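First up is the structure itself, then whatever we jot down about it.
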Amino acid sequence: MRKAVDPRNPQQLYITTNISCNTEMSENISLRLPHEILEKLDDLAQKEHKDRSTLIREILDEGIKDKRINLAVDLYKKSEATGWQAAKLAGVSLRRFYEALQRKGILIQISERDLEQDLKALRGE
């Protein structure tokens, strides 16, 4: 961990930390985070009895999943993907995707065309 000052904003102190994962396909990355965020991360890590790197990996994983669902919801709302297609793009089950739509207050609409496309996708056509 290394303290640094952002040259674009000298008033802002950043702490640079390296995050690594002990798997064969891991890669080290370096992040510059404001001190306030690091304090929040350390507080959560302590409460969950985890090290900072593990917590950051979990948060990133959850954030990526949420982002994929949000992108799929946007496609669904614009009628650019059926429910099944959007769920597949999001990497979740159709049920979980519909639950995400419900939480966001989005009406689930299934046209005959969408149903036909979903059935074809299920059959692998």
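Rule-based calculations on the coordinates, nothing more; no lab input. Nothing here was measured: the structure is a model prediction, and the numbers come from that model. Every residue, glycine among them, receives a Cβ derived from its backbone with ideal geometry; neighbour counts consider all protein chains shown.
So the values come out like this:
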{"quantity": "Listed pairs Lys67/Lys120; Lys40/Lys104; Lys47/Lys88; Lys77/Lys120; Lys65/Lys120 exceeding 29 Å between Cα atoms", "calculated": "Lys47/Lys88"}
{"quantity": "Debye log10 I(q)/I(0) for region 64-125, one point scatterer per Cα, at q = 0.12, 0.17, 0.19 Å⁻¹", "calculated": "-0.25, -0.50, -0.62"}
{"quantity": "³J(HN,Hα) computed for each position of region 104-110 - Karplus, 6.51 cos²θ - 1.76 cosθ + 1.60, integer Hz, glycine/proline x", "calculated": "8, x, 9, 5, 7, 10, 10"}
{"quantity": "In Hz, Karplus ³J(HN,Hα) per residue of region 33-43 (6.51, -1.76, 1.60; θ = phi - 60°; x = Gly, Pro)", "calculated": "10, x, 4, 4, 5, 4, 4, 5, 4, 4, 5"}
{"quantity": "Phi to ³J(HN,Hα) by Karplus 6.51 cos²θ - 1.76 cosθ + 1.60 over region 48-54, Hz, x for Gly, Pro", "calculated": "9, 6, 10, 7, 4, 4, 4"}
{"quantity": "Ranked packing of 32-39, 103-110, most packed first, by mean Cβ within 10 Å", "calculated": "32-39, 103-110"}
{"quantity": "Nonlocal amide H pairs with Leu33, under 5 Å, H built at 1.01 Å", "calculated": "Ile15, Thr17"}
{"quantity": "Point-to-point label distance, Leu119-Glu36, nm (Cα→Cβ direction, 7 Å offset)", "calculated": "5.5"}
